[in-house]
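The values are calculated or read from the model by the stated rules, or taken from the named source; none is laboratory data. All values reported here derive from a predicted model rather than from experimental measurement. Ideal geometry is used to build each Cβ from the backbone, glycine not excepted, and the neighbour counts take in all protein chains shown. When the accessible area is computed, the model is the full protein with side chains, heavy atoms only, and any ligands, DNA or RNA have been set aside. Shrake-Rupley method; radii C 1.70, N 1.55, O 1.52, S 1.80 Å.
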Amino acid sequence: MSTTTMSSLSLFGDREKGESVRTQNMTAAVAISNIVKSSLGPVGLDKMLVDEVGDVTVTNDGATILKMLEVEHPAAKVLCELAQLQDEEVGDGTTSVVIIAAELLRAADELIKQKIHPTTIINGYKLACKESVKFIQDNLSIPAADLGKSCLLNVALTSMSSKIIGADKDFFASMVVQACELIKFTNTKGDTKCPIKSVNILKAHGKSSRESIFVKGYALNCTVASQLMPKTIKNAKIACIDFSLQKAKMKLGVQVVVDDPSKLEAVRQREADITKERIQMILNAGANVILTTGGIDDMCLKYFVDSGAMAVRRCKKEDLKRIARATGASFVASLTNLEGEESFDAAFLGAAEEISQTRICDDELILIKGTKVKPAASIILRGANDMYVDEMDRSVHDSLCAVKRVIESKKVVPGGGCVEAALSIYLENFATSLGSREQLAIAEFAQAMLVIPKTLVVNAAKDSTELVAKLRAFHNASQTIEAKKNFKWIGLDLEHGKCRDNKEAGVLEPEMSKVKSLKFATEAAITILRIDDMIKIYQPSKEDPNSYANAVAQGRL
């Protein structure tokens, strides 16, 4: 095993290799883990993050915390990216995945100090991860259909219990399940899909969080362009366009040279007619609702008002794309076709039963109901201030993701440290059955699994040693005594500081969340473990030798 060596390279930099690099990487990973550790679980604490501008974010979402940190260390960056990956893939469990990865690294560092080769540890971790996933799928997974309708609600409640809206979790959980039930559909392969992007979450200040509302239909945070336009249109034909409907102007650098001043008016008239023809083209195709990302000037508004159509300007491009998907419209970026002529086909239009401008809370919103292709839902969140509403948005999004995963995979596992404690006992027994060096790595992996129940108990201000020991005893009994097989559902009850059957209590999480977080954490730990050499290149100096400060320092001034 090589010791620390620092050598000068022909490059302008330092090279560091051996044990010290691994220790450094482990220390950086544990430091990142310690930041988010106290925010894990239903009684986890929140973090206040202030950026360079002075904007304040209050959150206990692991991915958000790590995204806002400016991390310098390359190994620590791996953990930050790990949280982002878990957030994108699953949507929940971002804090636990970082904690497990850091604990695996800490355990590996101890083994390396005992002169165990990193390759042996890596092989052991890979084997342990594979066995863990198999054990979860064979023994701890519960089909959602067996638990009935309450299953989705319990998953949403479990996801929200650790969030800022935990006090009103019943109210928000039913709203989330309602939204997911509305937008789910079965594709041509027979798979159930739940595209949560079809749920638009709008935020509005004022009133209490319990006055948030759920709306069937897509809510658009815009109003009609003119008060003279109709506020409601039945059997709407919707055009989604990505350009401005304003008086045509010549492009920059294009000049029109006119010999006869009387022709000047004809040029102006033609400029106005170009836009009029475009609008007429859209209206002739049968459109009675026009949504655009650009502006609509007063002259153009007149044409829409005269034809009795509804026009909405300055919509977000993201919103328009979602509306186009839900209504079956085409998102039109230009009227020019392949022949170079301008045309607008009726096939570009989407359809909805009704579009209306409604006053919800203090704001006027456009509501699109009865979309033709895919259903859409909206949740309008109310709260005291920006920070609170933003955190509510993140909490509802995490909960939507958890419910989506259960609808799509149809499998859940009990929460509250149950899975980790069961894996710890199983892997310890599995390790002793191996006669190779990997035994030590798998035993450490088993021990590292206990970091989740331990952290949950510590955050709840209870005695972690006693509670985790009780939990392990229950799971050991479930795996060794046939009569006590039902003990495998036992997890922690952090409110009362005891162990309980979490399947009965309804503390459930998506199976995918546990499986993915184990795989991601193991892969991240292995990635960092493989590193035994670090080369740091010096940044080239950008200082000007003739600058005022250097001139003063050298006594030239």
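Could you pull out the residue among V289, V312 that is open to solvent by less than 50 Å² (accessible area, probe 1.4 Å), in contact with a Ser or Thr (Cβ under 9 Å, 6 or more places away or on another chain) and closer than 27 Å to L365 by Cβ?
Result of the check over V289, V312: V312.
What number goes with the only condition from (1) in contact (Cβ under 8 Å) with a residue 60 or more places away in the chain; (2) in contact with a Ser or Thr (Cβ under 8 Å, 6 or more places away or on another chain); (3) surrounded by fewer than 19 Cβ atoms within 10 Å (Cβ to Cβ) that D362 does not pass?
Just one mismatch for D362, condition (2).
Restricting to region 179-189, give me the number of residues that are open to solvent by 50 Å² or more (accessible area, probe 1.4 Å) and either without any contact (Cβ under 8 Å) to a residue 60 or more places away in the chain or within 19 Å of R210 (Cβ to Cβ) (or both).
Within region 179-189, residues that are open to solvent by 50 Å² or more (accessible area, probe 1.4 Å) and either without any contact (Cβ under 8 Å) to a residue 60 or more places away in the chain or within 19 Å of R210 (Cβ to Cβ) (or both) number 4.
Among the candidates V21, V53, single out the residue that is of a type in the set (A, V, I, L, M) and under 30 Å from S399 (Cβ atoms).
Result of the check over V21, V53: V53.
Of the residues that sit in region 97-151 and are open to solvent by less than 10 Å² (accessible area, probe 1.4 Å) and of a type in the set (S, T, Y), which one is nearest to I32 (Cα to Cα)?
This residue is Y125.
Determine whether region 156-178 contains at least one residue that is under 27 Å from K321 (Cα atoms), open to solvent by 30 Å² or more (accessible area, probe 1.4 Å), out of contact with any Phe, Trp or Tyr (no Cβ under 7 Å at 6 or more places or on another chain) and of a type in the set (F, W, Y).
Within region 156-178, none of the residues are under 27 Å from K321 (Cα atoms), open to solvent by 30 Å² or more (accessible area, probe 1.4 Å), out of contact with any Phe, Trp or Tyr (no Cβ under 7 Å at 6 or more places or on another chain) and of a type in the set (F, W, Y).
State which residue is most open to solvent (accessible area, probe 1.4 Å) when the search covers only region 455-511 and only residues that are touching an Asp or Glu at 6+ places or on another chain (Cβ under 9 Å) and in a strand (DSSP E or B).
So the residue we want is R500.
Which one of A63, A75, A31, A83 is modelled with pLDDT of 90 or more and outside any loop (DSSP other than H, G, I, E, B)?
Step by step, each of A63, A75, A31, A83 is checked, and only A31 is modelled with pLDDT of 90 or more and outside any loop (DSSP other than H, G, I, E, B).
Return the residue satisfying two criteria in turn: it lies in region 260-297 and is among the hydroxyl-bearing types (S, T, Y) and part of a helix (DSSP H, G or I), and of such residues it is nearest to A239 (Cα to Cα).
Filtering first and then ranking leaves T275.
Any idea which of (1) open to solvent by 10 Å² or more (accessible area, probe 1.4 Å); (2) farther than 30 Å from T465 by Cβ; (3) within 24 Å of the chain's Cα centre (by Cα) is the one V396 doesn't satisfy?
The one condition V396 does not meet is (1).
Just checking, does region 426-434 include any residue being buried (at least 24 other Cβ atoms within 10 Å of the Cβ) and either within 30 Å of N187 (Cα to Cα) or free of Cβ contacts under 8 Å to residues at least 24 places away in the same chain (or both)?
No, region 426-434 has no match at all.
Residues that are hydrophobic (A, V, I, L, M, F, W, C) and at pLDDT below 85: which strands (runs of 3 or more DSSP E) entirely in region 123-229 hold 1 or more of them?
In region 123-229, the matching strands (runs of 3 or more DSSP E) lie at 199-205.
For a quick check of your reading of the model, give me the residue pairs whose first member lies in region 165-177 and is in contact (Cβ under 8 Å) with a residue 40 or more places away in the chain, whose second is in a helix (DSSP H, G or I) and aromatic (F, W, Y), with beta-carbon atoms closer than 7 Å and at least 6 apart or on different chains.
Matching pairs, first to second residue: I165/F172.
Just to be sure I understand the filter: pairs with C-beta atoms under 7 Å, separated by 6 or more residues or on different chains, first member in region 274-294 and farther than 14 Å from D306 by Cβ, second member part of a helix (DSSP H, G or I) and small (G, A, S). Which pairs pass?
Between residues of region 274-294 that are farther than 14 Å from D306 by Cβ and residues that are part of a helix (DSSP H, G or I) and small (G, A, S), the close pairs are A285/A346; G286/A346.
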